[in-house]
1. Is it the case that some residue within the stretch 565-581 is modelled with pLDDT of 95 or more, among the basic types (Lys, Arg) and not in a helix (DSSP H, G or I)?
2. Going through the stretch 46-58 one residue at a time, which ones are in contact with a Pro (Cβ under 9 Å, 6 or more places away or on another chain) and small (Gly, Ala, Ser)?
3. Restricting to the stretch 318-351, give me the number of residues that are more than 17 Å from LEU438 (Cβ to Cβ), open to solvent by 30 Å² or more (accessible area, probe 1.4 Å) and of a type outside the set (A, V, I, L, M, F, W, C).
4. Please state which one of THR98, THR78 is open to solvent by less than 50 Å² (accessible area, probe 1.4 Å) and either modelled with pLDDT under 95 or part of a loop (DSSP other than H, G, I, E, B) (or both).
5. Name the single residue, out of those in the stretch 271-288 being under 22 Å from the mean Cα position of the chain (by Cα) and open to solvent by less than 20 Å² (accessible area, probe 1.4 Å), that is farthest from TYR311 (Cα to Cα).
6. Name the single residue that is farthest from ALA92 (Cα to Cα) among those in the stretch 156-168 being surrounded by 24 or more Cβ atoms within 10 Å (Cβ to Cβ) and not hydroxyl-bearing (Ser, Thr, Tyr).
7. Could you list, in sequence order, the residues of the stretch 293-311 that are crowded, with 24+ Cβ neighbours inside 10 Å and out of contact with any helix residue (DSSP H, G or I) (no Cβ under 8 Å at 6 or more places or on another chain)?
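The values are calculated or read from the model by the stated rules, or taken from the named source; none is laboratory data. This structure is a prediction, so every number in the text was calculated from the model and none was measured. Cβ sites come from the backbone with ideal geometry, for glycine too, and all protein chains shown count toward neighbours. Remember, those area values only see protein heavy atoms, side chains included, never the ligands or the DNA or RNA. Shrake-Rupley method; radii C 1.70, N 1.55, O 1.52, S 1.80 Å.
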Amino acid sequence: MNLVGYTDRLSVAPGESIQFMVSSTQRTYRADIVRLIHGDENPQGPGFKEAEIESPVNGEYAGRVQPILTGSYVLVLTDARLDLAGGVTLQAWVMPTTPEKGQQGLLGKWSASDSSGYLLAIEDGGDLALRLGDGKGKTVDVRSGVPLAHHTWSFVAASFDAADGRVRLVQRPATIWPLDRYTAAVEQTVDLRGLGTTGAPFLMAGIWRGSIPGAGQVGALFNGKIEHPRLWRRALTADEVEALAGGAEPTEVGAGLVAAWDFSREISSSWVVDVGPHGLDGVAVNMPMRAATGHTWTGDEVDFKRAPNEYAAIHFHDDDLEDANWEADFTLEVPEGLPSGVYAARLRSGADEDYLPFVVRPEAGRATAPIAYLIPTLTYLAYASEHEIVGDPVVFPFYDRTMHAAEYRYIAEHHLHSLYDYHADGTGVCYASWKRPLVNMRPKAIRSAFASPEHLAADLYLIDWMEQKGHRYDCLADENLHTDGVELLRPYKVVVTGTHPEYWSGPMLAALETYLAEGGRVMYLGGNGFYWVTGFDPERPHAIEVRRWGGTGAWVAKPGEYYLSTTGELGGLWRNRNRAPQKLLGVGFTSQGFDYSRPYHRQPDSFDPRAAFIFEGIGDDEVIGDFPSLTLRHGAAGYEIDRAAPSLGTPPHALVVATATGFSDSYQHVIEECLMSTPHEGGTMQPLVRADVVYFEGPNGGAVFSTGSIAWCGCLSSNHYDNNVSRITDNVLRRFAGSWLGPRPPRPPNPGGTRPVHPQVLGGRGGRARDPLARPPVIGETRRA
């Protein structure tokens, strides 16, 4: 990509400002503010729609290339007490995850430009090395000659005595096995009688390159964990080093301690605390993973807050990135009166184009419409910069590698990651930030794996549809709900979700729960919603965190690392914390597939008088969503689908008004409900692979309508917006937004006191199967699944 950028925030209100950071290989580019209406360029739909907005920032700008420098490390600002001319000892526990990749800095205050200072590092052969320089042209390197063990904790120490030139180097695995190949103890005398002082900072997990023209400030970045890094101004004796290896505290081995950094302190921040005599605190750059298990972790405690001494490690990656730190090219002051909506700075230079989207929300507490469209920006951020998926053609029959190839190349070349990707050392990516290019969070973006839009591009389907139908709406972002709480929602008659609101924080859930309890109404027009526990970093609100375990996901956190470092709460699925989405929405994630979507069929509950308004204008036998879609080409139920489940919290009075079945085996039952490995979890055999449309009333005149499918909104514009998916959505939205429902009407008489029973079938031959997770029926009652 020759033209790319990002914003410093994802949502903004009138009177506030938003900055735009741009990198361009072209001499100039043009920027214009546009309102986004429909992103998908598919000729089967209404096509791309935008509206140009007059703005003082519209115009030509000088292009310049801004680099992306990935990799995490700890930086301690230069201090005279870190210049150790007469001698030094460096000590730590390390667990390298790519020891074979080449030189990697561990600890040191080293200036490469004048070969001055001291450095403990991993060298090209994977072995430990101590580098020393007097700043006058003399440099020595002492190496262990033995590689460090992969994914294994090792005690490492290195010392130098300037008085006699004696160097000691020790590396020892925490557990020494027979035929050990990883232990080394080297002692030799070198022709060096002092260390040069340098203005370079003290670094952990990297080597300072700041004074080398054309280089990033830090290079030779380390992959792996570091624990208990310590520094002395003298050469410790062999006995003192042995005491440290045995667990002695640094204050117990004698004088000369300069610093002892304790990574178990301030875990939820970027701060790195020095508990030594001088308080030489540092800062963790680019968000290396904290709340990481250390070499003393026993497994007796899995919450870092309960055993912080066992979580005194930081996991560094050479491809971590919190903030690209680009300079701003222009700043937009959002004018008063600009309607709420989804906007973007459109960048163009010749054939190159990029969009930098953002949400304009109303001023706090001043709703301008009865409808709140809650834009799932957390999900956008989680998927931003996701790597290209090259998969089984049976699973991805529409895969097209040519789609947005430049964006995927940019992601790969700059080592960008989503929360679905792995770091270079094979560990899952748990942090995401919007202060970096998010090149697939674009209105025209297409996912190559199934050649369809998703996320922002798919959520614009609903904006376009509301514009066509004349609905008045405000746009809000997830982070607005997280910070403002229920006060953000109270002015609105109805809250409408996007197609894939997968990532939710605890404060967001609490706000929506309160809104519903007070009589609010929700239309959940997506699938796989309210799924992963997501934390906002309180110190860095542009960053979020996810620790995956116990669910259907791309990776699993390491044992003992399930708790979020940023908030201290247990990660994983909300259903495992008694907040299954069925409790709020009536439905929850049950399957995903990427070949074909399916239509819905009306169920007996759809003829309940309570649901009559939903199906106004819809025939009794009419199949719903059995026509072309902009998502997976055809059908309203697909991609990721949800089902009702009383055992997980679907309210007992909820109506399952429509169900889609008959999915292919590309659709597999979610992992969290598969207790054994069987060949029967695909859509052709597993009856729980289905999509349910659910309606139920809430307290105080509120209500919920859920479609249980990401593909639902992809059908809205079919046949020029004249179709039954559009009609049902319009029926519900007009009722929810137009007037309060009032008290729920009494149920019609039902002889025998039983509720209607849906047919229990397998393999998608119509009807629905009973949920095996549901409680047994009460005597005298026939209970729906």
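1. Within the stretch 565-581 (the criterion being modelled with pLDDT of 95 or more, among the basic types (Lys, Arg) and not in a helix (DSSP H, G or I)), the answer is yes, since at least one residue qualifies.
2. Matches in the stretch 46-58: SER55 only.
3. Final tally of qualifying residues: 10.
4. So the residue among THR98, THR78 that is open to solvent by less than 50 Å² (accessible area, probe 1.4 Å) and either modelled with pLDDT under 95 or part of a loop (DSSP other than H, G, I, E, B) (or both) is THR98.
5. Checked the stretch 271-288; the qualifying residue farthest from TYR311 (Cα to Cα) is ASN286.
6. Ranking the qualifying residues of the stretch 156-168, first place goes to PHE160.
7. Listed by number, the list holds a single entry, TYR311.
To keep it simple, each residue is scored yes or no on (1) modelled with pLDDT of 95 or more; (2) closer than 30 Å to GLU487 by Cα; (3) of a type in the set (A, V, I, L, M, F, W, C); (4) open to solvent by 10 Å² or more (accessible area, probe 1.4 Å).
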{"position": "LEU356", "(1), (2), (3), (4)": "yes, yes, yes, no"}
{"position": "ARG361", "(1), (2), (3), (4)": "yes, yes, no, yes"}
{"position": "ILE371", "(1), (2), (3), (4)": "yes, yes, yes, no"}
{"position": "LEU378", "(1), (2), (3), (4)": "yes, yes, yes, no"}
{"position": "LEU381", "(1), (2), (3), (4)": "yes, yes, yes, no"}
{"position": "VAL395", "(1), (2), (3), (4)": "no, no, yes, yes"}
